[in-house]
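Undergrad: The structure follows.
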2 protein chains.
Amino acid sequence: MDPLEASRCCSPLDEQLDAQLFRALGDPTRLQLLGCLAKCGRACSVTELSACCQVDFSVVSRHLAQLARAGVLTVSKQGRTVYYEVRYREVATAFRALARSLDQCRPKQRGTSCGC
Amino acid sequence: MDPLEASRCCSPLDEQLDAQLFRALGDPTRLQLLGCLAKCGRACSVTELSACCQVDFSVVSRHLAQLARAGVLTVSKQGRTVYYEVRYREVATAFRALARSLDQCRPKQRGTSCGC
DNA sequence: GCTAAATTTGCATGGTGGTGCAAGTATACA
DNA sequence: TGTATACTTGCACCACCATGCAAATTTAGC
């Protein structure tokens, strides 16, 4: 199969290769915040999280909002405090689904590429 | 646990949240190339792949090199033709490992966050 | 209502990255 | 040896983005 033909052929990959998601994860500061939040294991406020990295408070606020927009975090407001939490289940599921789709595309021994 | 403490506490996540990888996947053109290449299921030349997107040939060359640098593709030269192929197994493994690490951080019912 | 705390939102800035064109490099073929 | 093919690299340009500061917004507590 030609790559040009392959590009016109549908696969779950087309939706799973989400540029917005990967773009959100492609910044060191955002990854630091995500790692911090993930290892913490609970919902954290912007103030708490800003203690984890050296950038300005407003920058942290923007980064967290972006991660939430990408579907990596959830937001919940409690009084004047905003809590962010990792969407563990959803993110893990998305990555596993992507891995599965890649496996299905992978040509097995004498197999015929993905069945799309 | 405070997020600041959590940031100082080691986890497989620290290595799995690789900014270079996600950055490489964070561009629509690169994702198009990757999807095309993945669905194709075989090694493709730069010329073949440049037929899949509308950008200049040199841009495709650069994008493929970047994906290779990030560990997503492998390169192999045959004569004057350069073939790129998806590292199916490695990429899928990396994503599954990341999903697993996230799961381990996730607080179970009345559990105590990740055991790091 | 007033003040303080928590967060968001302009605004300006510096840097990085994606893109196209042209030139350069490497290899096959006659 | 010379020419064509496949690809890479230098260069310039433009857009977007991460950052910091300051002002604005929202909400709690007195």
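The values are calculated or read from the model by the stated rules, or taken from the named source; none is laboratory data. Only a predicted model underlies this, so the values are computations on that prediction, with no experimental measurement involved. As a convention, Cβ positions derive from the backbone with ideal geometry for all residues, glycine included, and neighbour counts pool all protein chains shown. Accessible surface is based on the protein model in full, side chains and every heavy atom, while ligands, DNA and RNA are left aside. Shrake-Rupley method; radii C 1.70, N 1.55, O 1.52, S 1.80 Å.
Undergrad: List every residue pair whose Cβ atoms lie under 7 Å apart, where the two residues are 6 or more positions apart in sequence or sit on different chains, the first residue falls within the stretch B:49-73 and is more than 11 Å from B:ASP27 (Cβ to Cβ), and the second residue, located anywhere, is assigned to a loop (DSSP other than H, G, I, E, B) and open to solvent by 20 Å² or more (accessible area, probe 1.4 Å).
TA: As it stands, the answer is B:GLY71/B:ARG87; B:VAL72/B:ARG87; B:LEU73/B:ARG87, since those pairs meet every condition given.
Undergrad: Now for a different question. Would you confirm whether or not the stretch A:54-76 contains a residue that is facing chain B (nearest Cβ under 7 Å) and touching an Asp or Glu at 6+ places or on another chain (Cβ under 8 Å)?
TA: Looking through the stretch A:54-76, none of the residues is facing chain B (nearest Cβ under 7 Å) and touching an Asp or Glu at 6+ places or on another chain (Cβ under 8 Å).
Undergrad: I need a count of the residues in the stretch B:1-47 that are farther than 21 Å from A:CYS52 by Cα and among the aliphatic types (A, V, I, L, M).
TA: Residues that pass the stated criteria total 10.
Undergrad: Would you confirm, using the coordinates I've provided, whether B:GLU90 is free of Cβ contacts under 8 Å to residues at least 60 places away in the same chain, farther than 25 Å from B:ALA19 by Cα, away from DNA strand C (no atom under 14 Å from the Cβ) and part of a helix (DSSP H, G or I)?
TA: No.
Undergrad: Related question: Quick check on my filter: what residues within the stretch A:8-38 are within 7 Å of another protein chain (Cβ to nearest Cβ), farther than 15 Å from B:ASP18 by Cβ and open to solvent by 30 Å² or more (accessible area, probe 1.4 Å)?
TA: Correct list: A:ASP14 only.
Undergrad: Could I ask something else about it? Kindly evaluate A:LEU49 against the criterion of being within 11 Å of another protein chain (Cβ to nearest Cβ), within 14 Å of DNA strand D (Cβ to nearest atom), under 22 Å from B:ASP18 (Cβ atoms) and open to solvent by less than 10 Å² (accessible area, probe 1.4 Å).
TA: So A:LEU49 fits the description; yes.
Undergrad: Taking the condition of being part of a helix (DSSP H, G or I), in contact with a Cys (Cβ under 9 Å, 6 or more places away or on another chain) and farther than 11 Å from A:TYR84 by Cβ, how many residues in the stretch A:39-69 meet it?
TA: 2
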